[in-house]
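For reference, the structure is listed below as structure tokens.
Just so you know, all these numbers are worked out from the coordinates, no wet-lab data involved. What you see is a predicted model; the values in this text were computed from it and never measured. When we count neighbours, we look across all protein chains shown, and the Cβ atoms used for this are built from the backbone with ideal geometry, even at glycine.
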Number of protein chains: 2
Amino acid sequence: MKLKIAVLPGDGIGPEIMDQALKVTRAVCEKFNHEVTFTEAIVGACAIDAVGDPYPPETHEVCMQADAVLFGAIGHPKFDNDPNARVRPEQGLLRMRKQLGLYGNIRPVMTFPSLIHKSPLRADLVEGADFVCIRELTGGMYFGRPQGRSEDGDTAYDTCVYTREEIERILHLAYKFAGQRRKKLTVVDKANVIATSRLWRQIAQEIAPQYPDIETDYLFVDNAAMRIIQWPKSFDVLVTENLFGDILTDEASVITGSLGMLPSASIGIHTSLFEPIHGSYPQATGKNIANPAAMILSAALMFEYAFNLQEEGAAIRRAVNASLEAGVVTEDIAEGGKAYGTSEVGDWIAEYIKSSILVTL
Amino acid sequence: MKLKIAVLPGDGIGPEIMDQALKVTRAVCEKFNHEVTFTEAIVGACAIDAVGDPYPPETHEVCMQADAVLFGAIGHPKFDNDPNARVRPEQGLLRMRKQLGLYGNIRPVMTFPSLIHKSPLRADLVEGADFVCIRELTGGMYFGRPQGRSEDGDTAYDTCVYTREEIERILHLAYKFAGQRRKKLTVVDKANVIATSRLWRQIAQEIAPQYPDIETDYLFVDNAAMRIIQWPKSFDVLVTENLFGDILTDEASVITGSLGMLPSASIGIHTSLFEPIHGSYPQATGKNIANPAAMILSAALMFEYAFNLQEEGAAIRRAVNASLEAGVVTEDIAEGGKAYGTSEVGDWIAEYIKSSILVTL
Ligand SMILES: [Mg+2]
Ligand SMILES: [Mg+2]
């Protein structure tokens, strides 16, 4: 198969971990006989510095021409504490999501047996937790207009908007995932208070009968924030709107104790994008200490979701698990044991794939 | 001192737990020689059933005439799954907050040594956690207008609005709490994406220099959702806007493992209100099994915050702790041990106060 991949390393540790994902992707393509081309482009703070635009038109073009996008991370602290900054890295992210039509963000929440002791939760609660958070990514308050200030600057406003079409699209995606899993969907909203959530719940109640084999339940967002901690194993697929999803998916990611291990996929109309859930980790930039596993596992999701190449994805997962078992891990995982550098971990995983015997699933 | 208290039991278990808080309040007033009058009024689903209005004008009048309001809980499942219900119990809550000017919700997050094993978090992370969440309660998306639907019903919208005055008021309240505690304030927003949050951060940065002895830091809301689980002891006072606070305070409450024990205060312009953080727990209604401790501890906060009667508040806390140590607890705490009824626990705590020797703080 011919695979055309857009590569957007971004800021901070993005470039370092991306290098590892590319090594691994090359190794998989070699092993499984795919022809791969990578086209690199800039995004985020580095793009602001270079051309004054966090998501330049050239970068968008590269993404549109690709079959899938591998994305590192963006962001720089110099923008966070400046409420008056005119251009922000995050604006690039929002524009990219909108222009590529990345309407659904998928985050598998999974535990790694060898890392369970790192979870902040009691082991009995989190062991075996395995669910998927699906977040609507191009609607809601992060995109709604009007957004801004009164003339005197002393009143600020944001608008949350959702249309039937946006809600139906993400709910159908969520039902599709639930149908391939344990057949339970939890719709999270705040229908007791806000109008957009009432539309979400109304539409979910309309759609649910189309999926009679799937059990649908409803949770208010504040209640969901509690349940994720109290009883994470009660979830199979959780779906929610953009802002709620931003908060809940980050909350859900830390219960595993392995933030540096978790990948994500953003399903798009034009193309899909794959990125680690962790950020740009500016303090670690250039130190060869960042954990590349989440970025590498994002490449696994790319093979599975964008190219429907299940064996290739599985080969990457096996290699990452093998690296954990072999203790070839970065310092965040090593805990006083020997720590390997970012690129050594990437090399090891790529080598493992090249040298392993093909297993048919 | 003459204490005029408005009593709003509300729905579900509200009336049962309120009875216990009144017993305890009477016991304290007897012991400390205060003259107390209680005036009861309806609110929530029961008020909708009675007069078609979840917060009737008569109830508002009772609250306005009182020095403090004791509030039970509201809500009924028959409204939650009906996106078309015209009147909702929660509307009563929102109107009450707005009309009484309850701009700041205070939730102490504390652990009880004898209940630490019930926390979903690892004991080493949560033991000794002790912080206060302060949530803005009358602004933001729950009150912003316009809110509603397009004519065809297929687009819904909500508006989030904040004014300088609202933000300054709650930030000053938060600094006041921080000044009386460990002198650390964490301001939570989403200033990298939304306009209202950028106004919050700008104003916080303006105000911070007025409190040079207090350390101010800033967290994005999704990051805060992670930190509450990963490192709850890092917080002293956390302040945030209404919707973020709704989610984060509920999340913070479960890490203690003692949801049934946690009180809250809502600081008002006209009067202040005291209520347990748990809901109306409809399944337990009338069964004499609900834990009255959070309601009773809300009365303790009332003595402290509304009447500045510190010894009276402390006497209630001591009595509640004694009930835990004596094992006079409801079934949610008893864990297979002997469980007491709601009213037996209330009786025991009231008796303890009456029979205890006055200790001067
Ligand atoms: Mg986030
Ligand atoms: Mg809540």
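Summary table below
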{"item": "Inter-copy spacing of A:Asp130 label points, which lie 7 Å from Cα along Cα→Cβ, given in nm from shortest upward", "result": "4.3"}
{"item": "Inter-copy label distances at B:Ala50 (7 Å, Cα→Cβ; nm, one decimal)", "result": "6.8"}
{"item": "Per-residue HN-Hα couplings for region A:245-255 [Karplus 6.51, -1.76, 1.60; θ = phi - 60°; Hz; x = Gly/Pro]", "result": "x, 4, 6, 5, 5, 5, 4, 4, 5, 7, 5"}
{"item": "Within-11-Å neighbourhood charge of A:Arg317 [Cβ basis; K, R +1; D, E -1]", "result": "-2"}
{"item": "Rounded if a/c under 1.5, otherwise prolate or oblate - region A:120-255, Cα gyration tensor axes", "result": "oblate"}
{"item": "Under 25 Å from B:Lys183, Cα to Cα: lysines that are on another chain or at least 8 residues apart", "result": "B:Lys233"}
{"item": "Summed residue charge, Cβ within 15 Å of B:Pro77's Cβ, Lys/Arg positive, Asp/Glu negative", "result": "-3"}
{"item": "Trypsin sites (Lys or Arg not before Pro) within region B:253-361, DSSP loop, no more than 15 other Cβ atoms inside 10 Å", "result": "B:Lys287, B:Lys338"}
{"item": "Teacher prompt: B:Lys78 distances to equivalent labels in other copies, 7 Å Cα→Cβ, nm", "result": "6.2"}
{"item": "Net charge contributed by nearby residues that have their C-beta within less than 11 Å of B:Gly327 (K/R +1, D/E -1)", "result": "-1"}
{"item": "Among B:Ser114, B:Ser253, B:Ser272, residue whose mean-square fluctuation peaks in a GNM of chain B (springs only between Cα atoms under 10 Å)", "result": "B:Ser114"}
{"item": "Entries of B:Lys31/B:Lys354; B:Lys23/B:Lys118; A:Lys2/A:Lys31; B:Lys98/B:Lys190; A:Lys190/B:Lys287; A:Lys23/A:Lys98 with Cα pairs more than 18 Å apart", "result": "B:Lys23/B:Lys118; B:Lys98/B:Lys190; A:Lys190/B:Lys287; A:Lys23/A:Lys98"}
{"item": "Cut-off of 10 Å, at most 13 other beta carbons, DSSP loop: longest stretch of chain B lacking such GluC sites (Glu not before Pro)", "result": "B:152-334"}
